[in-house]
Structures are given as structure tokens and as C-alpha cells.
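Step one of this worksheet: look at the structure below.
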Amino acid sequence: MDIRTETIQLFKDRFQQEPLLVRSPGRINLIGEHTDYNGGFVLPAATDKAVYIALGRSNDGKCHWYAADFQDEFTTTLDVLEHSPKNWPNYLMGVIQQLQMMGHQIPAFNCVISGDVPAGAGMSSSAALECATGWGLSQLFDLKIERLDLVRLAQRAENQFVGLQCGIMDMFASTFGKQHQVIRLDCRSLEYEYFPLELGDYQVVLFDTGVKHSLASSEYNNRRKECEAGVKLLQQHEPHVESLRDVTEEMLLKYQRQFDPVVFVRCMYVVQENNRLLAGCEDLKRGDIDSFGQRMYGSHNGLRDMYEVSCAELDYLVSFMKTEKNVLGARMMGGGFGGCTINIIKRTAVDELFERLSKAYQIAMKHELKMYKVLIEDGTSQIN
Ligand code: GLA
């Protein structure tokens, strides 16, 4: 049984009712990391790996939710929303809280959640769950939420209820994704452009380190603060600076001596990553994927040495790729401290390479390596 049919069946078995089903995908990001919350650019796409939520009205005044992958249930009313130690219900409650704050009345509802976005892989299963929930409730209760409002409310849910100060990229990619297209998103104006990812004989492959270091969320919030400190300092001299988006390398160098050295190097990374992304988009438009691949390595070096969000496992995988003739580019993807690398590899070489890499990785890092050959698919939608 495929995952859609299975999710619907699970719902029917539990609630003796026909549900509506919403799919919201996990994302990849080709280049432009830790730029979204700095008003910069990102280049994500929605994938074939997704979260599915089957929903229907409840008739006993309570919400009954079931997370199929954890075989775990949760029951609540919607008048007081309290943080749950179970974690997964917080993503739903965060979204409901935002809808309520927007003035929507949300009646009790039942749902079954399922999916094939690998957890902890840095493909943003949490954003996918938030977007799926928001879209599902909008369909079920006819709330007429626009896509951009969905993105924004899902981000606020994560910031305010879940507590991660993430940017807008994950929700945007999950909601606005388009088959075969990457999205160049300007995170300041929210203007965006789709363009086809034409890789010819090459394909996008993710390697999953199988680790998620506990530093991830605290360091993430720290990086945000470091960037804010940099902006604050620059504003004393250059009042037009609102975010690192308005900053150039020259400007940073001019005031370097006033900077805390760590803050300086964080800001420099962000400025350079934005430039790399813009140049990388030109590469793609010209069909120069060799040059794009080199920029991916550049992005990884910056994330490792300047932004310091990589880890031994990610570095191992990227270093291995550098010596492979069938690989054009590789880098860590997402927030860092574990999760996946994203790689551009010759189609015919992928399986043989994975075999060698996973053996070497197992010996060096003592973890099992997983591989996902991702396809680029449409964003959030109702599918029945
Ligand atoms: C996480 C966040 C995103 C983004 C990336 C880093 O995935 O949720 O908003 O900041 O890290 O690029």
C-alpha cells in the first residue's frame, strides 16, 4: 500500500470517517545557507519526500491526533494549548495558536500524520508538518488561507511555540515548491523566481550522516544573535543597513577593527554566501554546472571554517567527494551539526560511489550512511 492510501486507511479505521488528505514536502537547498534570517537569498526546492496529514471534524469536542510513524496518540482541547513533552503535537498546536491569533475559530478535529521525510536529516520535516497542518485546517474549515500567509504563520508557529528562531526558507519551499524547479527566494522582499534545474547526466543526491548533534538548536539561535550584533555595530556608521543583506565585504573590512573577531567572521561568511548564491544562479542559467559545483564546495568551506556549523561527519563526506571525478559539488545542507550533505553526482556513478563511501564512512565515523536520490516535486496541496 502506498503511503497516501495507508494514511487514509489508518484514519478511517480510527475515526470511521472519510478524511481529507494534505501533502507537504520536505526540502533541499542547493546553496545559500544561514542567509534566510539575514534577509538574503536561498535556492531551495520541494522534494518527493513529504508529510501527509489526514483530517476530519471531531464530534466529541476533543482533538484526537495520531502520529503513525511513532505509533503515538495525543488528545487535547483547543481552548488552552500547552507545550507537550511528546514534541510532535507542538507543531500542530503552534499552527493552531497562530490561526487563533489571526481570529479564526478552530473546531476540534481528528488527524493521522504520516510521512517519508527522514527525521533529523535536515530536510525540514517539522516545517512540512506545520504547512500540512495549516493547509489542512484551511481546507477542512474553509479558512481561505493564502499560501504566503501559510508560510508566515508556520514560521511564527516554529519561532513562538516550538522555540527555534528559524528563517522562512523551509516553509516557503514546502509551500511554494514546483516540480522540476528550484526557487530563488529573496528572503527580504519575498520575491521569488522559479527556474528549471537542468543537470543533464548529473543528479542531486543526499547523504545522511545519521547524526544530529545536540548543539544544533542552541548554536542556531546563537548564530542569529552574532549576526544581529554585527548589524548593530555597522548601523552606528551606516544607518541604512537593516540586515547583512545591505552589507558588502568592503564595508566589513572598513570597520573590522571594531568588531569582535568571531562576529566579524560570521558576518563575512553571510555576505560571501549571498554573493556565491547570486553567481551560482548565473552559472545555472548558463548551464555551467561545473562552476556551480565549485561554489557548493566554497559554501561548505565557509560553513565549516567561518560560520562553524559543520561537524566531523559532514566534513568527512564532503572531503571524500572532492577526490571523486564523477562529482561536481558537495556541501552540508540546512542548519548544520549533522543531517545531510547535498551532492551533484553523475547518474551512472551514484550507486558504485555510495557503496564505497558508505563502507569508508562506517569505518571512519562508526555510523551507517543513508542515501536519498531526491526528485523535485510540487509544494503543499490537498491530494484527495
Ligand atoms: C534551518 C532553518 C532555516 C535556515 C537553515 C540554514 O533549516 O530552519 O530557516 O536558516 O537552517 O540555512
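Each residue in the stretch 15-27 was checked for being over 22 Å from Gly56 (Cβ atoms) and either within 11 Å of the ligand (Cβ to nearest atom) or among the hydroxyl-bearing types (Ser, Thr, Tyr) (or both), and 2 pass. Residues in the stretch 334-350: is at least one open to solvent by 30 Å² or more (accessible area, probe 1.4 Å) and touching a strand residue (DSSP E or B) at 6+ places or on another chain (Cβ under 8 Å)? Yes: one or more hits. Might you check whether a residue that is more than 13 Å from Leu55 (Cβ to Cβ) and within 13 Å of the ligand (Cβ to nearest atom) occurs anywhere in the stretch 133-150? Checking the stretch 133-150: not a single residue is more than 13 Å from Leu55 (Cβ to Cβ) and within 13 Å of the ligand (Cβ to nearest atom). Which pairs have Cβ atoms under 8 Å, sit 6 or more apart or on different chains, and link a residue in the stretch 166-185 that is farther than 17 Å from Ser125 by Cβ and more than 10 Å from the ligand (Cβ to nearest atom) to one that is basic (Lys, Arg) and open to solvent by 10 Å² or more (accessible area, probe 1.4 Å)? That search, which allows pairs on different chains as well, returns Phe176/Arg147. Reported count of residues in the stretch 78-104, each being more than 16 Å from the ligand (Cβ to nearest atom) and in contact (Cβ under 8 Å) with a residue 12 or more places away in the chain, is 15. Restricting the first member to the stretch 213-228 and to residues that are within 22 Å of Leu314 (Cα to Cα), and the second to residues that are away from the ligand (no atom under 14 Å from the Cβ), the beta-carbon pairs closer than 8 Å and six or more apart or on different chains are His213/Cys311.
Checking each residue in the stretch 53-71 for being within 20 Å of Gly26 (Cβ to Cβ) and open to solvent by 10 Å² or more (accessible area, probe 1.4 Å) picks out Ala68, Asp69, Phe70.
For the condition basic (Lys, Arg) and within 27 Å of Glu193 (Cβ to Cβ), Arg257 does not qualify. Tell me yes or no: at least one residue of the stretch 35-52 is over 24 Å from Leu206 (Cβ atoms), away from the ligand (no atom under 16 Å from the Cβ) and open to solvent by less than 10 Å² (accessible area, probe 1.4 Å). No, the stretch 35-52 contains no residue that is over 24 Å from Leu206 (Cβ atoms), away from the ligand (no atom under 16 Å from the Cβ) and open to solvent by less than 10 Å² (accessible area, probe 1.4 Å).
If we keep just the residues of the stretch 351-367 that are of a type in the set (Lys, Arg) and in a helix (DSSP H, G or I), which is most open to solvent (accessible area, probe 1.4 Å)? Ranking the qualifying residues of the stretch 351-367, first place goes to Lys359.
Checked against (1) farther than 30 Å from Asn301 by Cβ; (2) in contact with a strand residue (DSSP E or B) (Cβ under 7 Å, 6 or more places away or on another chain); (3) in a loop (DSSP other than H, G, I, E, B), Phe11 meets all criteria but (3). Every test in (1) over 30 Å from Gly280 (Cβ atoms); (2) out of contact with any Cys (no Cβ under 7 Å at 6 or more places or on another chain) is passed by Ile53 save one, and that test is (2).
The values are calculated or read from the model by the stated rules, or taken from the named source; none is laboratory data. Note that the structure is a prediction, hence the values are computed from the model and not measured. Using ideal geometry, Cβ is built from the backbone for each residue, glycine included, and neighbour counts are taken over all protein chains shown. Note: areas computed on protein heavy atoms with side chains; ligands, DNA, RNA excluded. Shrake-Rupley method; radii C 1.70, N 1.55, O 1.52, S 1.80 Å.
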